[in-house]
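My questions will all concern the structure given below.
The values are calculated or read from the model by the stated rules, or taken from the named source; none is laboratory data. If you're wondering where the values come from, they're calculated on a predicted model, not measured in any experiment. Don't worry about glycine lacking a Cβ; one is built from the backbone with ideal geometry, like all the others, and counts go over all protein chains shown. We work out accessible area using only protein heavy atoms, side chains counted, and drop any ligands, DNA or RNA first. Shrake-Rupley method; radii C 1.70, N 1.55, O 1.52, S 1.80 Å.
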Amino acid sequence: MTTDITAFPDCYRVLVQDIEIDCFLGVYEREQAKRRPIVVDVELYVPDVTRQRRRDLLSETVNYERVVEAVERLVGGDRRFRLVETICGELADELAKLPGLRALKVSVTKPQPLPRARSVRVEVWRHA
């Protein structure tokens, strides 16, 4: 799927960026020994129903507080993940349930996964 906003001409994009959260993540025992930080970014493509008349109502958009709550619920507990891809896919599946979305993209970044790599980032798209 394209990341070009022109694929959604009747939408606006809500970016929820840099959600930092600690979790158990990694395939090696040393990685599972303690929580490590990840960074989650979410792009929400919301139909622009307000084009006819802007009413300044939360009900006409997506409540991005729900995005942060979903990240905390899914990742912030005691669950242990082996792969960044698992976290990213499960978050996308969960967030796709939010009402009023056309599409979304979830990105998960794991800082310093290896001595010579600053980070690894996985991105996944869902059509809601």
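Test of the criteria: in region 15-95, which chymotrypsin sites (Phe, Trp or Tyr not before Pro) are in a DSSP loop and have at most 10 other Cβ atoms within 10 angstrom of their Cβ?
Sparse-neighbourhood loop chymotrypsin sites (Phe, Trp or Tyr not before Pro): Tyr28.
Name the residue farthest towards the positive end of the dipole of the chain from the options Val71, Ala7, Ile21, assuming +1 on Cβ of Lys and Arg, -1 on Cβ of Asp and Glu, about the Cα centre.
Going by the Cα projections, it comes out as Ile21.
What percentage of the solvent-accessible surface of the chain, computed with a 1.4 Å probe over protein heavy atoms, is contributed by carbon and sulfur atoms?
So the carbon and sulfur contribution to the accessible surface is 48 percent.
In Å², and per residue, what accessible area does the chain have when probed at 1.4 Å with the other protein chains present?
Accessible area per residue: 63 Å².
Would you mind working out the magnitude of the charge dipole of the chain relative to its Cα centre, with +1 at each Lys and Arg C-beta and -1 at each Asp and Glu C-beta, to the nearest 20 Debye?
Around 200 debye, computed over the chain.
Once the convex hull of the C-alpha atoms of the chain is built, how many Å³ does it hold per residue, rounded to a whole number?
In the chain, the Cα hull volume divided by residue count equals 101 Å³.
Could you tell me the relative contact order of region 1-127? Use alpha-carbon pairs under 8 Å, at least six residues apart, and round to a whole percent.
Reported as a whole number, the value is 27 percent.
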